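Report on one structure; see the data block that follows.
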Amino acid sequence: MQKIFVVEDDPSVARGLVHGLQEEGYDVSHASTAMGARKHFTADSPALVLLDLGLPDEDGMLLLNFFRLQNPDIPIMILTAREGIEDRVSGLDHGASDYILKPFALPELLARIRMHLRRSGVSDAAVLHCGDLKIDLLAHKLTRNGVFLEYPPREFELLVSLMRSCGKPVSREQISREVWNAPKRMSSLDNLIDVHISRLRERLSDGEAAVVLRTIRGVGYVLEPKESS
């Protein structure tokens, strides 16, 4: 099981990341301070680090330097609200493998994690299939029988979440985490989820679709290949 180390001091963001990564099958550990991160990093051997820069006891850039000295090859992805060009350049110059601004969409973050793990020699699937649908997560490309389809960003992210569990139910809680980056399911999101599910179902029903999107009352939603008649 691939190990991912999350360094994040915001409890709600940390919970969302840990739960979302665990849902994907990763072994996840977490530290909320630079001191705790240093101790954990030297005692463990994660495959990838997600690093917040705004830590309470030390600037994340210093911690990035420490990680790089300990392991020059490990992928280190910065997750931060610092959006200035100077900050991005500084992060990359200090050895970050990626620089992602908050708020971020969990499906895109997961795709980037898979990309960096694969580049570092840890393989993971980057292409999803369900019926006649195919999503290349790295290229952010959806096709049906080889024909490119362009969906609005939120519906694309929702489809990614459903296709990861092709043939298996996906709960509202999981959709809230993966698509809306909400650590807990909120009633205010239920209507939004219903609206986007309805729109996605309408898009998928166009033409001779080989998939069907079903609602399972009290459980969630399932995208599955349509049975041939």
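Derivation of every value follows stated rules applied to the coordinates shown; laboratory data play no part. In this text the structure is predicted, and so the values were computed from the model without any measurement. Using ideal geometry, Cβ is built from the backbone for each residue, glycine included, and neighbour counts are taken over all protein chains shown.
Taking every alpha-carbon pair under 8 Å whose residues sit at least 6 apart, the chain reaches a relative contact order of 15 percent. With contacts taken as Cα pairs under 8 Å at a separation of at least 6 residues, the stretch 127-225 carries a relative contact order of 31 percent. Remark on the chain: hydrodynamic radius 18.8 angstrom, per the Kirkwood mean of 1/r across alpha carbon pairs. Counting helices only, and only those DSSP H runs with n ≥ 4, report the 222 nm mean residue ellipticity of the chain as the sum of -39,500 (n - 2.57) divided by its residues, in deg cm²/dmol to the nearest 500. So the helix-based figure for the chain works out to -13000 deg cm²/dmol.
Is there a pair in Lys141/Lys226; Lys3/Lys102; Lys102/Lys226 whose C-alpha atoms are over 27 Å apart, and which pairs would that be? Correct reply: Lys102/Lys226. Charge dipole (Cα centre; +1 on Lys/Arg Cβ, -1 on Asp/Glu Cβ; no other charges) of the stretch 1-77 amounts to roughly 220 debye. DSSP beta bridges fully contained in the chain are about 55 percent antiparallel.
The HN-Hα couplings worked out from phi for the stretch 107-114 by the Karplus form 6.51 cos²θ - 1.76 cosθ + 1.60 (θ = phi - 60°) are x, 5, 4, 4, 5, 5, 4, 4 Hz, whole numbers, x standing for Gly and Pro. Net charge near Lys134: determine it from the other residues with C-beta under 15 Å of the C-beta of Lys134, scoring Lys and Arg +1 and Asp and Glu -1. So the environment of Lys134 carries a net charge of 0. Applying a DSSP loop filter and a limit of 10 other Cβ atoms within 10 Å to the chymotrypsin sites (Phe, Trp or Tyr not before Pro) in the stretch 128-196 leaves nothing.
Here the stretch 3-119 is treated as a Stokes sphere of Kirkwood radius computed over C-alpha pairs; at 4 °C and 1.567 mPa s its diffusion coefficient rounds to 93 µm²/s. Short-range pairs are left out: with C-alpha atoms under 8 Å and at least six residues apart, the relative contact order of the stretch 4-54 is 54 percent.
Taking Gly36, Gly54, Gly91 as the candidate residues, the one with maximal mean-square fluctuation in a Gaussian network model of the chain, Cα springs under 10 Å, is Gly36. The value for the stretch 127-225 of Rg(Cα) / (2.2 N^0.38 Å) is 1.01. The modelled label-to-label distance for the pair Asn71/Thr42, using points 7 Å beyond Cα in the direction of Cβ, is 1.6 nm. Shown is the FRET efficiency for Arg119 and Glu58, computed with R0 = 35 Å from the Cβ-Cβ distance and rounded to the nearest 0.05: 0.80.
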